[in-house]
Amino acid sequence: MTRRPRVLLATRLYAPEVAAAAFRLRALARGLAEEGAAVRVVTTKPPRSAPRAPHDTGVRVSRFPVLRDAGGNVRGYLQYLSFDIPLFFRLLFSRADLVISEPPPTTGVVVAVTSWLHRRPFVHYAADIWTDGVVALGAPRFVVGVMRALERFTLRRAALVLAVSDGVAERATEFGVDADRIATVGNGVDTDTFRRDGETETGPRPTFVYTGSMSEWQTPAIFVRALPRVLEEFPDARIVFFGQGVEEESTRALAQELVGDAVYFGGVVPPAEAARWLRGATAALASITPGIGYDFAKPTKIYAAAACGAPVVFAGVGAGAELVADNGLGWRAGYDPAAVADAMLAAARDEASGVRDARAEERSRWADENASLSAIGRIGGRAALDAIRRAR
């Protein structure tokens, strides 16, 4: 009998943590198990606020403590090292036919070096190009140079790079990765959780819902700046934020200054609760700050909203804006308060006239056909296992 391939997945984020990366990696682990692999996930102990950890057949999860920031995130160089240093020794003494790494590049280097020592292939799962984010943060040139070198080292030595979009795949080639070593698997959401049918949150109308990270390359304060104009026509309008990030504090302060109680911050919530709010949303909100290197990104927020039947107001340019416009998922707006307010007003009028509900099934069906995370996990799993066969 042929032995099942042993795959080890090294990631600082994994279910039950509420993050797009955690959902994506769980889908990949399940996809690998469905393709016949014995999967072991080496990850961190989740924060106490996380939901109950799921159990997936064929997937074994090994957790160890990690340093987290004040918001409970594994974010920052010390936090990364608190995961990467123990990871080096765990991988050094682990048997596997293939290892799969996730950003940041420091984790990729640990996986690359230990894989070289064991003479085994590794795959890098690229949700984005990490260095682009470092540049966007305005990091010193020296730090950018170091991170770019680490990312190049990882990408070039990977047997395969799994890219979530054509934009990420194209950026990977700029690091010297041959196109035949890149598999574009797509991005999506758990359509078992994010779906049109289910409990729905109701309340004042219109209600706009923002879910997920509030980072420097999303700067969701643009929606708060647009809200005063929306309130002129719809006095009961509100924005509900779920998630956290470095922009949360400044967004809170701006909301208090401009609109007071018309903006609510609910923190990190389980996916099922986020889905409940999205089903009842006038529109979901998503943004990418233009010109900082992330114009190729397609935020998971878009897929989650569509799966729940909600339209999207997208602020920014690039791939995310095109995704919304080309598939009839909502409104694309320039990254300025007036344009965003116009889009939010259009969404509120569509809800009032019944157009929003009439098109909900169409949006949900599109998500089922194009953004099922389970299907993407199977695609990635097959591509990763092919890397073992090629290495042999």
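What follows draws every value from the coordinates through simple rules; no lab data is involved. From a predicted model like this one, the values you see are computed outputs, not experimental measurements. Virtual Cβ from ideal backbone geometry, glycine too; neighbours counted across all protein chains shown.
Structural remarks
- Sum of side-chain charges, residue 298 neighbourhood, beta-carbon under 12 Å (Lys, Arg +1; Asp, Glu -1): -4
- Angle of helix 20-34 to the longest C-alpha principal axis of the chain, folded into 0 to 90 degrees and rounded to 10: 50°.
- If only the Cβ of Lys and Arg carry +1 and only the Cβ of Asp and Glu carry -1, the dipole of the stretch 207-370 around its Cα centre is close to 200 debye.
- 10 Å Cβ shell holding at most 16 others, DSSP loop, GluC sites (Glu not before Pro): longest site-free stretch of the chain: 217-392
- The stretch 326-392 - Rg and Dmax from Cα coordinates, angstrom: 19.3, 61
- Counting neighbouring beta carbons within 10 Å and listing from fewest to most, the residues 147, 344 come out as 147, 344.
- Pairs of Cα atoms farther than 22 Å apart, the stretch 179-279, %: 40
- The base-10 log of I(q)/I(0) for the stretch 207-370, evaluated at q = 0.21 Å⁻¹, reads -1.55 [Debye formula, identical scatterers on Cα atoms, solvent excluded].
- Compared with the dominant principal axis of the Cα atoms in the chain, helix 141-157 is inclined by about 60°.
- Pair residue 139, residue 249: separation of 7 Å Cα→Cβ label points (nm): 2.1
- The shape of the stretch 39-179 can be summarised by an equivalent ellipsoid whose semi-axes, obtained from the alpha carbon gyration tensor, come to 24, 20, 15 Å from longest to shortest.
- Over the chain, relative contact order from alpha-carbon pairs under 8 Å, at least 6 apart, %: 17
- Long-range HN-HN contacts of residue 184 with modeled amide H, under 5 Å: 163
- Placing pseudo-labels 7 Å out from each Cα toward the beta carbon at residue 257 and residue 173 gives an inter-label distance of 4.4 nm.
- Hydrodynamic radius of the stretch 223-263 per Kirkwood, over alpha carbon pairs, in Å: 10.5
- For the stretch 259-327 versus the stretch 62-77, the gap between their alpha-carbon centres in whole angstrom: 26
- Most fluctuating residue given options 71, 320, 31, as computed from a GNM of the chain linking Cα atoms under 10 Å: 71
- Convex hull volume of the chain per residue (C-alpha atoms, cubic angstrom): 132
- Inter-label distance, nm, simple model (7 Å from Cα along the C-beta direction), residue 199/residue 264: 1.4
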